[in-house]
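Heads up, the thing below is written out as structure tokens.
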Amino acid sequence: MSTDAIMMMVVAMIVIWGGLALAIVSLVRHGAVEERTENLTRDL
Amino acid sequence: MSATAGRATAQPDQEGRRGGFSSRRVFILAAIGSAVGLGNIWRFPYVAYENGGGAFVVPYLVALLTAGIPFLLLDYAIGHRNRGSAPLSFARLRRGAEGLGWWQVGICFVIAIYYAAVIAWALRYTFFSLDEAWGADPEGFFFGEFLQAGDVEVTADVVPGVLVPLALVWLAVLAIMVLGVQRGIGATSVIFIPVLVLAFAALVVQALFLPGAADGLDALFTPDWSALTSAPVWAAAFGQIFFSLSIGFGIMITYASYVGRREDMVGSGLVVGFSNSGFELLAGIGVFAALGFMAQAGGVAVGEVASGGIGLAFIAFPTIISEAPAGALIGVLFFASLVIAGITSLVSVIEVVISAVRDKLDTSRRAATVAVVVPAALLSLALFSTTSGIYVLDVVDHFVNQYGILVVALVSMLVVAWALRALTGLGEHLNVHGRPRVGTGWRVLTSVVAPVGLALVLVFALRDDLRAPYEDYPSWLLLVFGWLLAAVLPLVGFLLARLPWRAGTHLDGPPPGSDPAAPLDVTATADPTPRDRPGSGHDEGGLR
């Protein structure tokens, strides 16, 4: 693989998979109060 | 006081009957299941390769961040705030906008009937992989022995080898949908999305160890920076993001309506958006590593074997499977991934229709599911299990995507942003529990940048289709299953919008009790419609 190709592959991985990791961490840290109404679980 | 108590239970009871995801995790997995479909596996790698290789990362990320995720959040806001299917959510925004929702429902119905056929092919090929049933000529096998495709015409000559798996796919869909939002769609996603990721990751690892894999990755990621000045490349990036994320045609509106009212929809949207792109990147690596092997085995350049869509899945991959060590394993992993990705997307598409029928007619889950899935299955079997199925499928897919999804998404986005001026209210709704907050930037992206991006995609598609007949198909085929079909869907949509809603349906604004800022212990105000009464039979599960 050429250096350019390796660089672009790494950049894509860092931005996209890194973005996903950040999004998950952010959601876990700032996640909303989960609503658990009795009726919403009726079909569990 | 007794009135307050009654009010406190009305809305949850209504939502309970309508159904809902039991948690944020289930919703996110279901939304990922919808977004990650066949296009992630067989469309993205080739689109990236054809449009600048590694340089495509730049317009792709720009499109994701400026149009894809903002539009996804718009869909979430519409469905989550208005707590209804696409037609009901649009009707609650403005009664005259209901037709947009039915237009989206019509598109989903059409997509479902042909999408199931491709899943059926992949299902059959999962088993073909075990003994490499295509022999030395995968292309001849696919079009000849398997599909029995003849001249380009519409026939009623049934192909049993397609009919049986297609019927099985529809039976599976019927079973999933009749179980309801949580036990059907939710449970399917919770089980199959991790399986999909693991199966595809195993496939990628296997592909990376094939000789020639590095050449494939080199072809995919070597940047052609001159592509960044090309408008069609930017249109391809916006098109890929748009088609891949399941936005703009009712799916995300419907799914968001099943999420608890205090949920962080912005954070969830970011996770779904990046998960979808993350899977696409994984698919690109796996597919091009395998194509690199195929090129090396054939002694040709990667560019000569690179393909996308049906050609990649049913011709190139069988060739790879025949030549690679442990080819059967690669085949099973690849086609099983297609089946899983396809099924989780198909159920989301058909749920748009079922949800709309339930909201409009106040039917039980089971009745609405049968009323939608059975006709869809019969149409699907009649059109796509015949010797002409591949041609009709190709034309319908092209035109419904380009002039169905794309146009309805563009029109609904413009209507919501500019005619209804609803973005401020929708943004405020997202911000009640959402982080990061959306503000002026989001409104500019959804009202200007995303529509311009979609318009660009539409203009290039229109230019290509007017310049030459799509794939050189006969004019009558393109007219009937292409242009006419795309034109009829909005007409049907706005006609359906003229049908009256069930008595007592709340249409003016978000329904009572849906305020996400309301404290949990006072959950609702009264909406004393007949469906709120206990024992109305409007239950989510439908089987109890």
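One table, with the values for the structure above:
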item	result
Heavy-atom accessible surface that A and B bury in contact, both chains counted, 1.4 Å, Å² to 100	3400
Cα gyration tensor shape of chain B, rounded if a/c is under 1.5, else prolate or oblate by comparing a/b with b/c	prolate
Local net charge near residue B:141, Cβ-Cβ under 12 Å (Lys/Arg +1, Asp/Glu -1)	-3
Distance from segment B:475-521 to segment B:228-249 (C-alpha centre basis), Å	25
Probe 1.4 Å, protein heavy atoms only - accessible area per residue of segment B:19-500 in square angstrom	32
Label zone at residue B:508, where the point sits 7 Å out along the Cα-to-Cβ direction: segment B:424-452 residues whose backbone N lies under 20 Å	B:425-426
Distance in nm between pseudo-label sites at residue B:154 and residue B:139 (7 Å out along the Cβ direction from Cα)	2.9
Degrees separating the helix B:265-298 axis from the principal Cα axis of chain B, which is the longest one	10
Carbon + sulfur, % of accessible area of the protein assembly as shown - ligands and nucleic acids excluded, 1.4 Å	66
Amide hydrogen neighbours beyond the local backbone of residue B:386, cut-off 5 Å, H modeled	B:159
Helix B:2-18 vs. chain B, principal-axis angle (Cα, 0 to 90°, nearest 10)	20
Principal-axis tilt of helix B:160-179 within chain B, Cα atoms, nearest 10 degrees	30
Inter-label distance for residue B:518 and residue B:171, nm, one decimal - labels placed 7 Å from Cα along Cα-to-Cβ	4.5
Shape of the protein assembly as shown, Cα gyration tensor, a/c cut at 1.5	prolate
At R0 = 25 Å, FRET efficiency that the Cβ-Cβ distance of residue B:191 and residue B:65 yields, to 0.05	0.20
Chain B, dipole about Cα centre (Lys/Arg Cβ +1, Asp/Glu Cβ -1), debye to the nearest 20	2560
Listing of segment B:259-277 residues, each with accessible area lower by at least 50 Å² in the full protein assembly than in the chain alone (probe 1.4 Å)	B:262, B:271, B:274
Euclidean distance of C-alpha centroids, segment B:80-150 and segment B:344-410, integer Å	7
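The values are calculated or read from the model by the stated rules, or taken from the named source; none is laboratory data. Everything numeric here is computed off the predicted structure, so don't read it as measured data. A quick note on method: Cβ atoms are made from the backbone with ideal geometry, for glycine too, and the neighbour counts reach across all protein chains shown. These accessible areas exclude ligands, DNA and RNA; they are computed on the full protein's heavy atoms, side chains included. Shrake-Rupley method; radii C 1.70, N 1.55, O 1.52, S 1.80 Å.
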